[in-house]
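Heads up: the structure comes next, in structure tokens.
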Amino acid sequence: MKKIIIFLVIVIGLFAAIALVTNMQNSQKAEGNKFKKDNLDPATVDLLDDPNYQNVILPDELEKKLEDKEDVTVYFYSSTCPHCKNTTPILAPLAEEMGVDMVQYNVLEFEQGWNDYAIEATPTLVHFEDGKEVARVVGSQPEEEFKQFFEEYVK
């Protein structure tokens with residue numbers, strides 16, 4: 001019985017050590033991040049260096065743009081969303097190729113975005129003009145759908 005207890009203590013200790021090391025590594029990666037948060041979800045940490053997730057907008061910045069009645073195209077995504085992970089590698093390069101300044105709002109890190117912008121699912125692409133929403137595309141779509149959206153509402 002003592003051997004089993006010793007074995008369990010060792011196993012639990014190893015899991016605790018692994019969790020601690022992983023948490024420390026994620027904290028180091030997240031230092032000085034563009035989300036300006038001390039703690040990020042591990043899925044977000046994994047995307048910090050991904051070139052398709054670099055045009056991040058913070059909630060206050062988006063709110064200011066809308067208050068100032070600026071035109072802005074916002075891609076609402078979640079770092080854990082499998083549909084976003086399939087859509088972003090199509091959408092981000094397309095926006096860049098078409099000269100669209102598409103900012104990215106992470107609703108996993110800034111959950112108030114769900115309510116503030118009536119986001120029902122991710123990914124969601126929204127275009128605002130004069131601070132008001134004029135168009136929205138929800139869910140994974142073929143590249144042609146996003147291209148048409150940009151041509152019709154943004155360009």
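Things to note:
- Mean separation of Cα pairs under 8 Å and 6 or more residues apart, divided by the residue count, gives the chain a relative contact order of 23 percent.
- Cβ-based charge dipole, the chain, positive-most Cα from Thr124, Phe150, Ala16: Ala16
- Total charge dipole magnitude, the chain, about the Cα centre, Cβ charges on Lys, Arg, Asp, Glu only, Debye to nearest 20: 1160
- Only protein heavy atoms count here; under a 1.4 Å probe, Lys85 has an accessible surface of about 100 Å².
- Excluding exposed DSSP-loop GluC sites (Glu not before Pro) (at most 15 other C-beta within 10 Å), longest clean stretch of the chain: 71-110
- Cross-linked pairs Lys36/Lys65; Lys36/Lys147; Lys34/Lys65; Lys37/Lys132; Lys37/Lys65; Lys132/Lys155: Cα-Cα separations exceed 26 Å for Lys36/Lys147; Lys37/Lys132.
- In the complete set of protein chains, residue-level accessible area for Phe7 is approximately 130 Å², probe 1.4 angstrom.
- Inter-site label distance for Trp114 and Phe7 at 7 Å from Cα along Cβ, in nm: 4.3
- Gained length - Ile90 relative to Glu152, 0.36 nm times residue gap less alpha-carbon distance: 20.5 nm
- Stokes-Einstein D (µm²/s) once Rh is taken as the Kirkwood radius of region 1-133 over alpha-carbon pairs, at 10 °C in 1.306 mPa s: 94
The values are calculated or read from the model by the stated rules, or taken from the named source; none is laboratory data. Being a predicted model, the structure only gives us computed values, none of them experimental. Ideal geometry is used to build each Cβ from the backbone, glycine not excepted, and the neighbour counts take in all protein chains shown. All accessible areas refer to the heavy atoms of the entire protein, side chains included, with ligands and DNA or RNA removed. Shrake-Rupley method; radii C 1.70, N 1.55, O 1.52, S 1.80 Å.
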